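Novice: This is the structure I have questions about; it appears just below.
All of the numbers you see were taken from the coordinates with simple rules; none came from a lab. Small disclaimer: the values here were computed from a predicted structure and weren't measured. FYI the Cβ positions are ideal-geometry reconstructions off the backbone, even for glycines, and counts take in every protein chain you see.
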């Protein structure tokens, strides 16, 4: 594996929440100390941000279109029942026929393309998620229950108790604006399922009397504002959550309800937040949040950490927001020290990497040939990602790959 020295860019430090001008060294998939023998990648005028945490996604549901069947719901379980009634109708019926691997890859690619390289799956830990070639890292150590509406009390307690010590346990809670949602925290508490492992997802309808205790006693709250506004017309009281000492994570949810991908969710959250909430968000998507959920060696670009990061031009950010506006603004995505996709001019700086050209939201991109091959094999292109049409022909695609792979 090649060793690299990235120069000219400013690197985000989660510890000071600012960019610092420094060289970044990468060797054997990790951030390394300075070394003499390393290929120089000049990134003047760019920013480098450690790959972020997506704390909530349903990875097998991202091939569905955004859908609701009335303007507002009092509780998300009403929306869930609406969807369940239509599963035998199109577009759901035909989309459900896609192979599970393909559906999971849709979710994985969605996250990869916006730099969310650590993703918690809220749902069944399907075996393909843990293959070495899956686009992003899915932690194995976690527990989950769906919700108090779609899970029985016995299922919830059993799932909570079998979650490994120190691993997070996720549940949709208080995802509504009605009295049912407001009562859910006390119901979950009566089950004995409020504790240091508990991660609440959504929390829109948490009762104001319960919120301070929930912030202190649980591992944290996953905020999904675009989903909340789309279904419920409001979102969680994150200001009070943070003021009471609660940890705040960000989740993209699936495309069934969210307004796009993780980056889209970030920008919604950033516009809504200010002051301490913005600080908590930045903590929650980088090393502090990642470690709080039981994962080590990710979320910062310090020696010994996994070399997961993305690169973008300084002008891709606006209004004191440290992250780029859209997926196509990302000039390079690196996972475990391997450049996977980026602007053609940037990817061409890595002479040992064979690339396939494509487009992301109509912007030219170059894709590592192994990633391109997996995308083709899984038939799981993101809706906004394409490889040049000629390269989709099976014969020409494989001919290109075979001719460009270097020993």
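Novice: What's the angle, to the nearest 10 degrees (0 to 90), between helix 369-378's Cα axis and the longest principal axis of the chain?
Specialist: Long axis of 369-378 versus the principal axis of the chain: about 40 degrees.
Novice: Additional query: Quick one: helix 275-285 against the long Cα principal axis of the chain, what's the angle to the nearest 10°, folded into 0 to 90?
Specialist: 60
Novice: Right, here's the next one. Under a plain spin-label model, where a point goes 7 Å from the Cα along Cα-to-Cβ, how far apart in nm are residue 127 and residue 313?
Specialist: Roughly 4.6 nm, to one decimal.
Novice: Of all DSSP beta bridges in the chain, what percent run antiparallel (nearest 5)?
Specialist: 60
Novice: Only Cα pairs within less than 10 Å get springs; with that Gaussian network setup on the chain, which residue of 172, 122, 297 has the largest fluctuation?
Specialist: 297
Novice: What residue among 256, 95, 293 shows peak mean-square fluctuation when the chain is described by a Gaussian network model with Cα springs under 10 Å?
Specialist: Fluctuation is largest for 95.
Novice: Figure the gain on full extension for residue 167 and residue 302 (residue separation times 0.36 nm, minus the Cα-Cα span) and round it to one decimal in nm.
Specialist: The span from residue 167 to residue 302 would gain 46.2 nm if fully extended.
Novice: Let me ask you something else. Give me the number: length gained by fully extending residue 16 to residue 87, i.e. 0.36 nm times residue separation minus the C-alpha to C-alpha distance, one decimal in nm.
Specialist: Once the chain is fully extended between residue 16 and residue 87, it gains 20.8 nm.
Novice: Shifting gears a bit: Along the Cα→Cβ direction, 7 angstrom out, place labels at residue 3 and residue 96. What is the inter-label distance in nm?
Specialist: Computed distance between label sites residue 3 and residue 96 equals 5.5 nm.
Novice: What ranking do 312, 160 get, fewest neighbouring Cβ atoms within 10 angstrom at the top?
Specialist: 160, 312
Novice: Still on this model: What's the angle, to the nearest 10 degrees (0 to 90), between helix 153-162's Cα axis and the longest principal axis of the chain?
Specialist: Helix 153-162 and the main axis of the chain meet at about 50 degrees.
Novice: Right, next: For residue 325 and residue 30, calculate 0.36 nm times their separation in residues minus their Cα-Cα distance, and state this gained length in nm to one decimal.
Specialist: 103.5 nm
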